[in-house]
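K.L.:
Below are the structure tokens for one structure; questions will follow.
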């Protein structure tokens, strides 16, 4: 069994309106699902990605209105790394982000910046061939569009503790730079550590990552849970999230991992052409629709933010 790279990354926001405006209007992602947190259906769960809502580019947010900013520390992902194709793309994004008041720093092969709530991102020149995953935005040339996740970076005080689970149980491979790669037949994604400051107490909140999910073919899902249990990981039962099925567990450094199935996907309850345009509710939450329509924060029409097709 092999995991097909990163399936999705879920973070926290305290401002759903600003979140949509940044990730759709500035970064040019497509909103592919507007739904609710299935563990707390009183709040949004927003999904951004490519035109098809493909695993490998789904960045998602739980909204807790007015949530204070968090502080990253040991046991937390602190940076999301995206793939881009061209050196010139880094300059394009530095200029575009600057025009929206976001400072961005160019390094030899990447661009570093943070979203308005402090969530750190890096655009990195792709080191290997993979199918690019792109959203369409009229004001972003396709050659400069983000192409999916390259990986994530997490803080830890003891990376050695996690080696057996990452390498032996999950089948990640370690490269010369110390990065662990989940490499499947079609996609790969890396998981890397940086040393945590011992006096930095981690505080979940707006601008922090809640969990990172790796992609599994549906037929392997139960076997992954069995393997995790045999390795001593405290894995949850398989949970039906309607758009995919999930298993959750913490790796020894403290980061919350998920293994999520590739499919059934976001078009299970919406036509792909109209993904993310209305509030989608899995069937068990449908009785809450009237209440949620009255209580959830009204959001801007994502199709109008950057000239998305269909606007």
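K.L.:
Answer with yes or no whether residue 212 is in contact (Cβ under 8 Å) with a residue 24 or more places away in the chain and touching a strand residue (DSSP E or B) at 6+ places or on another chain (Cβ under 6 Å).
P.N.:
Taking the combined requirement at face value, the residue satisfies it.
K.L.:
Name the residues in segment 110-125 that are part of a loop (DSSP other than H, G, I, E, B) and closer than 20 Å to residue 142 by Cβ, would you? Steps first, answer last, please.
P.N.:
Quick first cut of segment 110-125, residues part of a loop (DSSP other than H, G, I, E, B) only: 115-119.
Residues satisfying the conditions do not exist here.
Per-residue answers, yes or no, for (1) buried (at least 22 other Cβ atoms within 10 Å of the Cβ); (2) at pLDDT below 95; (3) within 16 Å of the chain's Cα centre (by Cα); (4) within 17 Å of residue 263 (Cα to Cα):
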residue	(1), (2), (3), (4)
8	yes, no, yes, yes
15	no, no, no, no
18	no, no, no, no
27	yes, no, yes, no
31	yes, no, yes, no
39	no, yes, no, no
46	yes, no, yes, no
58	yes, no, yes, yes
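K.L.:
I would also like to ask the following. How many residues does segment 172-181 contain that are in contact with a helix residue (DSSP H, G or I) (Cβ under 9 Å, 6 or more places away or on another chain) and within 18 Å of residue 255 (Cβ to Cβ)? Break it down into steps so the answer makes sense when it comes.
P.N.:
Here is the first cut: in segment 172-181, the ones in contact with a helix residue (DSSP H, G or I) (Cβ under 9 Å, 6 or more places away or on another chain) are 172-174, 178, 180.
In the following step, the residues that additionally are within 18 Å of residue 255 (Cβ to Cβ) were identified as 172, 174, 178, 180.
Qualifying residue count, segment 172-181: 4.
K.L.:
Give the residue, chosen from 89, 105, that is farther than 21 Å from residue 270 by Cα and touching a helix residue (DSSP H, G or I) at 6+ places or on another chain (Cβ under 7 Å).
P.N.:
89
K.L.:
State the number of residues belonging to segment 286-303 that are surrounded by fewer than 17 Cβ atoms within 10 Å (Cβ to Cβ) and over 25 Å from residue 136 (Cα atoms).
P.N.:
Within segment 286-303, the first condition is being surrounded by fewer than 17 Cβ atoms within 10 Å (Cβ to Cβ), and the residues that meet it are 286-291, 293-295, 297-298, 300-301.
Cutting the leftovers down to over 25 Å from residue 136 (Cα atoms) gives us 286-291, 293-295, 297.
Residues that pass the stated criteria total 10.
K.L.:
If the requirement is being in contact with a strand residue (DSSP E or B) (Cβ under 8 Å, 6 or more places away or on another chain) and at pLDDT 95 or above, which of these qualifies: 169, 173?
P.N.:
On the way: 169 fails: in contact with a strand residue (DSSP E or B) (Cβ under 8 Å, 6 or more places away or on another chain).
The match here is 173.
K.L.:
Follow-up question, since we're still on this one. Would you mind telling me which numbered condition in (1) surrounded by fewer than 19 Cβ atoms within 10 Å (Cβ to Cβ); (2) within 23 Å of residue 21 (Cα to Cα); (3) in contact with a strand residue (DSSP E or B) (Cβ under 7 Å, 6 or more places away or on another chain); (4) in contact (Cβ under 8 Å) with a residue 12 or more places away in the chain residue 126 fails?
P.N.:
All conditions pass for residue 126, except number (2).
Condition check ((1) in contact with a helix residue (DSSP H, G or I) (Cβ under 9 Å, 6 or more places away or on another chain); (2) not in a strand (DSSP E or B)) across all residues:
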| site | (1), (2) |
| --- | --- |
| 193 | yes, no |
| 200 | no, yes |
| 213 | no, no |
| 219 | no, yes |
| 227 | yes, yes |
| 235 | yes, yes |
| 247 | yes, no |
| 254 | no, yes |
| 264 | yes, yes |
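K.L.:
For segment 150-178, give me each residue that is in a loop (DSSP other than H, G, I, E, B) and either in contact (Cβ under 8 Å) with a residue 40 or more places away in the chain or crowded, with 16+ Cβ neighbours inside 10 Å (or both). Even if it seems obvious, please write down each step before you answer.
P.N.:
So in segment 150-178, the residues in a loop (DSSP other than H, G, I, E, B) come out as 157-158, 170-172, 175-178.
Result: 157, 158, 170, 171, 172.
K.L.:
May I ask you to verify whether residue 146 is at pLDDT 95 or above, under 26 Å from residue 184 (Cα atoms) and in contact with a strand residue (DSSP E or B) (Cβ under 6 Å, 6 or more places away or on another chain)? Please lay out each step first, then the result.
P.N.:
Numbers: at pLDDT 95 or above: yes; under 26 Å from residue 184 (Cα atoms): yes; in contact with a strand residue (DSSP E or B) (Cβ under 6 Å, 6 or more places away or on another chain): yes.
Yes; evaluated as a whole, the condition is true for this residue.
K.L.:
Quick one: count up the residues across segment 37-61 that are over 15 Å from residue 213 (Cβ atoms) and in contact with a helix residue (DSSP H, G or I) (Cβ under 6 Å, 6 or more places away or on another chain). Spell out how you get there, then give the answer.
P.N.:
Looking only at segment 37-61, we keep the residues that are over 15 Å from residue 213 (Cβ atoms), and these are 40-44, 46, 50-52.
Next, from what is left, pick out any that are in contact with a helix residue (DSSP H, G or I) (Cβ under 6 Å, 6 or more places away or on another chain): 41, 44.
Number satisfying all stated conditions: 2.
K.L.:
Taking segment 85-103 only, how many residues are within 20 Å of the chain's Cα centre (by Cα) and closer than 19 Å to residue 153 by Cβ?
P.N.:
Selection size over segment 85-103: 1.
K.L.:
So which residues in segment 251-268 are within 26 Å of residue 158 (Cα to Cα) and either free of Cβ contacts under 8 Å to residues at least 40 places away in the same chain or surrounded by 20 or more Cβ atoms within 10 Å (Cβ to Cβ) (or both)?
P.N.:
Looking only at segment 251-268, we keep the residues that are within 26 Å of residue 158 (Cα to Cα), and these are 251-259.
251, 253, 255, 257, 258, 259, listed by residue number.
K.L.:
On to the next question. Can you tell which of 72, 77 is more than 29 Å from residue 265 (Cβ to Cβ), crowded, with 20+ Cβ neighbours inside 10 Å and under 17 Å from the mean Cα position of the chain (by Cα)?
P.N.:
Values: 77 fails: more than 29 Å from residue 265 (Cβ to Cβ).
The conditions single out 72.
The values are calculated or read from the model by the stated rules, or taken from the named source; none is laboratory data. The structure presented is a predicted model; accordingly, all values stated were derived computationally and were not measured. Positions of Cβ are generated from backbone atoms using ideal geometry, with glycine treated the same way; all protein chains shown enter the neighbour counts.
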